[in-house]
Amino acid sequence: MIRQAVLEYDHADDALERLDELIDGRRAHVLRGQNGFDVVKRVLPAITAYPTSLFGGECTDAEVERLRLKNVDVLIAIGGGKLVDTAKLVAYRQGVPLIVIPTLASNCAAFTPLSVIYDEQGAYVRYDVFRVVIERVIVDARVVTDSPYDYFRAGVIDTVAKFYEARYLSGDSSPDAGVNTGLALAEQCGRLVELDLSESSFTAYGPETRFAVDHILAVGGAVGGFGDAGTRVAVAHAVHNALSRFESTHPFLHGDKVGFGLLVQERLRGSSDAPYLEAWLARIGAPTSLETLGLVPADIPQLVDAVRVETELQRSPVTLDIDYLKIIFENLVFSVYK
């Protein structure tokens with residue numbers, strides 16, 4: 001099934017200037033985070049005219065239940081991925097459309113018809129797919145360039161992983177039109193490794209950075225929207241979800257943990273790209289060992305079992321070799337093996 005949630009995507013130097021026209025007199029309510037809202041407020045002071053609710057920090061069932069809004073025609077989400085995922089569920093359950101203003105270029109939450117649910121401690125629980133209407137994703141360059149570079153870096157990793165996960169699930173092509181389109185979009189995501197995505201390039205916010213931001217926020221989300229289970233998540237995200245059960249990994253960004261999972265996935269499939277990905281991740285400062293993530297050899301049995309559970313929940317078409325997975329983790333304790 002092809003699922004897309006977004007009606008319009010506006011990435012421009014003045015994208016926020018068109019927000020009032022979009023709202024068009026409707027009763028709007030803002031769900032905002034702790035940090036990025038101040039940047040949006042500086043760019044568009046009129047945003048303070050709308051009533052706001054402060055996001056609690058995790059996309060949990062309890063947080064969604066807490067945010068029961070009254071007299072609202074449209075919800076505006078201003079923040080990062082977990083906030084956006086929460087806002088999508090709130091909008092869906094209350095039957096109102098959503099406008100998303102990302103304050104970080106770190107993931108594709110703004111473009112997907114699903115939400116990733118965590119528990120109160122930040123451990124992954126599940127993801128829910130539902131019919132949400134996102135009227136517009138507003139990507140204002142003035143906001144994105146004021147965001148931390150590390151989130152952008154992690155977003156690039158997460159987006160590159162979409163290529164490898166889609167290929168892991170469906171190969172190079174598919175007779176299914178939706179999956180084949182997802183594979184084509186995923187291939188574009190994989191090409192981000194070829195760009196200059198350094199911190200100085202991000203600060204300059206030239207064409208390559210804008211290209212990367214569009215893939216992180218929009219194109220990456222469309223991969224799963226077209227291909228559904230045939231292109232959405234595979235071992236890389238299963239490893240991410242398994243790692244989230246360990247408290248030592250909570251300070252690491254989503255994309256960093258997905259990147260480590262990508263190393264595991266590509267070794268499982270015997271990919272010749274594994275050494276190339278290792279070097280690329282090391283070069284951009286992403287974790288490439290369990291030690292860096294705060295895990296020790298004694299954690300490996302629990303980690304292996306958690307990955308097994310996650311791939312079963314994903315209903316992966318590829319059988320997981322548990323014994324080989326254990327060996328891979330053992331070799332990734334201190335440094336990536338060659």
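The values are calculated or read from the model by the stated rules, or taken from the named source; none is laboratory data. This structure is a prediction, so every number in the text was calculated from the model and none was measured. Don't worry about glycine lacking a Cβ; one is built from the backbone with ideal geometry, like all the others, and counts go over all protein chains shown.
Here are the numbers for this structure:
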| item | result |
| --- | --- |
| Number of the condition not met by D128 [criteria: (1) free of Cβ contacts under 8 Å to residues at least 12 places away in the same chain; (2) not in a loop (DSSP other than H, G, I, E, B)] | (1) |
| Unmet criterion (only one of (1) of a type in the set (D, E, K, R); (2) touching a strand residue (DSSP E or B) at 6+ places or on another chain (Cβ under 9 Å); (3) surrounded by 18 or more Cβ atoms within 10 Å (Cβ to Cβ); (4) not assigned by TED's automatic domain parsing to the domain that holds K82) for R153 | (2) |
| Sole exception among (1) crowded, with 21+ Cβ neighbours inside 10 Å; (2) in contact with a Gly (Cβ under 8 Å, 6 or more places away or on another chain); (3) within 24 Å of R26 (Cα to Cα) for V139, by number | (2) |
| Options D299, D323: the member that is of a type in the set (D, E), in the same structural domain as A238 (by TED's automatic domain parsing) and surrounded by fewer than 16 Cβ atoms within 10 Å (Cβ to Cβ) | D323 |
| Qualifying residue in segment 76-94 (condition: exposed (fewer than 14 other Cβ atoms within 10 Å of the Cβ), in a loop (DSSP other than H, G, I, E, B) and either within 21 Å of the chain's Cα centre (by Cα) or at pLDDT 95 or above (or both)) | no |
| Search result, residues across segment 1-32 that are among the small types (G, A, S), modelled with pLDDT of 95 or more and assigned to a loop (DSSP other than H, G, I, E, B) | G25 |
| Which listed residue is farther than 29 Å from H250 by Cα and either within 16 Å of the chain's Cα centre (by Cα) or part of a helix (DSSP H, G or I) (or both), from L169, L183 | L183 |
| Residues located in segment 288-320, provided they are of a type in the set (D, E, K, R) and either on the phi > 0 side of the Ramachandran plot or at pLDDT 95 or above (or both) | E291, D299, D305, R308, R315 |
| Members of segment 95-127 that are buried (at least 24 other Cβ atoms within 10 Å of the Cβ), among the hydrophobic types (A, V, I, L, M, F, W, C) and within 14 Å of D158 (Cβ to Cβ) | L104, A105, C108, A109, A110, F111 |
